[in-house]
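What follows draws every value from the coordinates through simple rules; no lab data is involved. Not measured: the values here are computed from a predicted model. Note: ideal-geometry Cβ built from the backbone for every residue, glycine included; neighbour counts use all protein chains shown.
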Amino acid sequence: MNSSHPATMRAAVMHKPGDIRLEDKPKPQVRAGHALVKVAVCGVCGSDIPRMLQKGAHVMPLICGHEFAGYVEALGEGVEGHAIGDLVAVPPLLPCGICDQCARGFPSRCTDYDYFGSRRDGAYAEYVNVPAANLFTCPEGMDPAAAAMTDPAAVALHAIWKARFTLGNVGAVVGCGPIGLFAIQWMKLLGAKDIIGVDIDPRKLAMAREAGATHTRLVSEPMDDLPKCHLIIEAAGHPTAINQAIRMAAPGGSVVCIGIPAGDIVVESVTFSHLLRQEVTLAGAWNSFGTPFPGEEWVVSLAKLASGELKWKFMVTHDLPLEDLGTMFENFAQKKESAAKVLFRPAGPGVQRGVASGRAANTQE
């Protein structure tokens with residue numbers, strides 16, 4: 001390998017929950033059927049916080065991080081249709097492709113999958129080896145931070161597509177983190193008459209209004225004056241949020257749950273009575289993928305992020321170098337800091353300048 005390319009890379013390694021260390025690791029060698037991707041941006045998913053601070057991962061030590069985009073630095077044998085210097089978003093799921101759910105076109109339900117950042121090393125690192133099937137080429141000139149938002153945008157769209165939602169409908173989002181903020185924008189793009197945003201944090205409600213919500217409420221505030229909703233996306237995973245989402249449904253309405261609960265969910269009797277009497281449909285949504293992999297959710301999300309129709313900059317509260325990851329997660333653990341979208345730039349800020357003359361961006365300056 002050329003001496004201008006170091007043999008090691010920086011990575012944030014979780015040895016056990018709460019024990020996260022910035023280390024020098026061997027730089028991956030590109031493998032057949034893979035591309036070596038220089039990570040430009042990796043976002044923090046809400047699932048990363050309990051994984052890295054409390055629950056742990058399937059294997060440890062592990063490099064977490066799965067919402068990422070970067071530049072192709074090297075191509076392994078047999079990889080076609082991609083070029084050195086391409087900006088790629090990376091679908092984090094690696095479905096088996098042969099189980100009954102994959103065969104039926106539901107890769108999100110794969111029974112034997114791998115996953116960047118929870119089952120294999122992810123992108124809180126300078127480099128990642130990515131299988132050719134997971135290289136999702138971005139339009140020329142796209143901001144890599146926007147490309148790294150493709151997964152949460154697609155998670156929101158995957159959930160909305162679980163129900164019928166059309167022009168003139170009323171929608172709601174309970175839990176206005178990044179996925180919820182994308183759900184609000186999707187509802188707006190689909191022609192919603194009204195969109196209600198509900199959260200426990202007034203700052204998140206301000207973001208919900210910027211995303212397109214026409215009404216916002218704190219969970220503690222009365223909601224009797226609000227219109228009932230054709231579709232509610234529950235994106236908090238808290239028992240209060242799930243009960244609230246169901247009670248907001250119009251007769252025959254739908255509630256789609258994305259939020260991952262930390263404990264048991266208790267459905268109150270008044271909530272269950274509303275579910276029964278108003279014939280409300282309650283559904284779950286998992287991940288962001290369809291067929292052909294990674295699915296139209298990814299195709300549409302990437303296109304709308306690239307065109308600017310999906311806004312993302314307003315939700316970024318932290319844009320940090322990888323060296324700050326340990327401190328940021330300590331702040332999460334101690335609840336010292338309020339955050340919406342947190343981005344890390346493992347290769348340094350210079351990589352956002354993209355590529356020139358067909359070469360991968362070089363930030364080793």
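How are the Cα pair distances of segment 253-325 distributed, in percent, across 10 Å bins from 0?
Going from the shortest bin to the longest, the percentages are 13, 24, 31, 25, 6, 0.
Just name one of Gly56, Ala40, Ile84: the one whose Cα is farthest towards the positive end of the charge dipole of segment 2-118 (beta-carbon charges, Lys/Arg +1, Asp/Glu -1).
Most positive-ward Cα: Gly56.
Counting Lys and Arg as +1 and Asp and Glu as -1, what is the net charge of the other residues whose Cβ lies under 11 Å from the Cβ of Leu135?
Working: positive: none; negative: Glu80, Asp86.
Every neighbour counted, the sum reads -2.
To the nearest 10 degrees, how steeply does helix 296-307 sit against the main Cα axis of the chain, on a 0 to 90 scale?
Roughly 80 degrees between the two axes.
Which entries of Lys27/Lys335; Lys304/Lys335; Lys38/Lys304; Lys193/Lys313; Lys193/Lys335; Lys162/Lys341 show an alpha-carbon separation above 27 angstrom in the structure shown? Show your work: numbers first, answer last.
Numbers: Lys27/Lys335 34 Å; Lys304/Lys335 33 Å; Lys38/Lys304 24 Å; Lys193/Lys313 25 Å; Lys193/Lys335 36 Å; Lys162/Lys341 25 Å.
Long pairs (Cα-Cα over 27 Å): Lys27/Lys335; Lys304/Lys335; Lys193/Lys335.
Return the sequence-ordered ³J(HN,Hα) values of segment 182-195 in whole Hz as given by the Karplus equation 6.51 cos²θ - 1.76 cosθ + 1.60 applied to θ = phi - 60°, using x for Gly and Pro.
5, 4, 4, 5, 4, 4, 5, 5, 7, x, 4, 6, 9, 9
So if I place +1 on the C-beta of Lys and Arg and -1 on the C-beta of Asp and Glu, and nothing else carries charge, what would the dipole magnitude of segment 21-103 be about its Cα centre? I want it in debye, nearest 20.
Values: 7 positive and 9 negative charges, 71 e Å.
Its charge dipole is roughly 340 debye.
Check Met9: other-chain or 5+ apart residues with amide H under 5 Å from its amide H, H built from backbone geometry?
HN-HN under 5 Å from Met9: Lys25, Lys27.
Can you work out the Karplus-derived ³J(HN,Hα) for every residue in segment 230-247? Use 6.51 cos²θ - 1.76 cosθ + 1.60 with θ = phi - 60°, whole Hz, and x for glycine or proline.
Values, residue by residue: 6, 9, 10, 9, 9, 10, 10, x, 9, x, 4, 5, 5, 5, 4, 4, 5, 6 Hz.
Kirkwood Rh over alpha-carbon pairs of segment 9-139, then Stokes-Einstein at 25 °C and 0.890 mPa s: what D in µm² s⁻¹, rounded to an integer? Numbers along the way, then the final one.
Numbers: Rh = 15.2 Å.
For the chosen part, D equals 162 µm²/s.
Whose amide H sits under 5 Å from the amide H of Phe344, counting only residues 5 or more places off or on another chain, with H placed in the peptide plane?
Amide H to amide H, under 5 Å and 5 or more residues apart or across chains, Phe344 pairs with Cys42, Gly43, Val44, Leu320.
Starting with the highest mean, order 29-36, 146-153 by the number of other Cβ atoms within 10 Å, averaged over the residues of each peptide.
On the way: 29-36: 18.1, 146-153: 27.2.
In descending order of packing, they fall as 146-153, 29-36.
Ala35's amide H: which non-local residues (gap 5+, or another chain) put their own amide H closer than 5 Å, with H modeled 1.01 Å from N in plane and none for Pro or chain starts?
The answer is Gly76, Val130, Ala132.
Roughly what % antiparallel, to the nearest 5, for the DSSP beta bridges in the chain?
Numbers: 35 of 63 bridges.
Expressed as a percentage, antiparallel bridges in the chain total about 55.
Arrange the peptides 16-27, 87-98, 277-288 so that the one whose residues have, on average, the most other Cβ atoms within 10 Å appears first.
On the way: 16-27: 14.5, 87-98: 21.7, 277-288: 16.3.
Highest-to-lowest ranking by the protection proxy: 87-98, 277-288, 16-27.
Once the other residues with Cβ under 15 Å from the Cβ of Leu22 are scored (Lys, Arg +1; Asp, Glu -1), what is the net sum? Before the final figure, lay out the partial values.
On the way: positive: Arg10, Arg21, Lys25, Arg345; negative: Asp19, Glu23, Asp24, Asp121, Glu126, Glu323, Asp324, Glu330.
Local charge sum for Leu22: -4.
Which whole-Hz ³J(HN,Hα) couplings does segment 42-53 yield from phi under the Karplus relation 6.51 cos²θ - 1.76 cosθ + 1.60, θ = phi - 60°, glycine and proline marked x?
Values per residue, Gly and Pro as x: 9, x, 8, 7, x, 6, 5, 5, x, 4, 8, 10 Hz.
For Lys16 and Asp114, compute 0.36 nm times the residue count separating them, minus their Cα-Cα distance, and round to one decimal in nm.
Values: separation 98, 0.36 × 98 = 35.28 nm, distance 1.98 nm.
Here the segment from Lys16 to Asp114 would lengthen by 33.3 nm.
I'd like the projected area of the chain, averaged over all directions, using the convex hull of its alpha carbons. Report it in nm² with one decimal. Before the final figure, lay out each step's value.
Numbers: hull surface 72.3 nm².
So the Cα hull casts an average projection of 18.1 nm².
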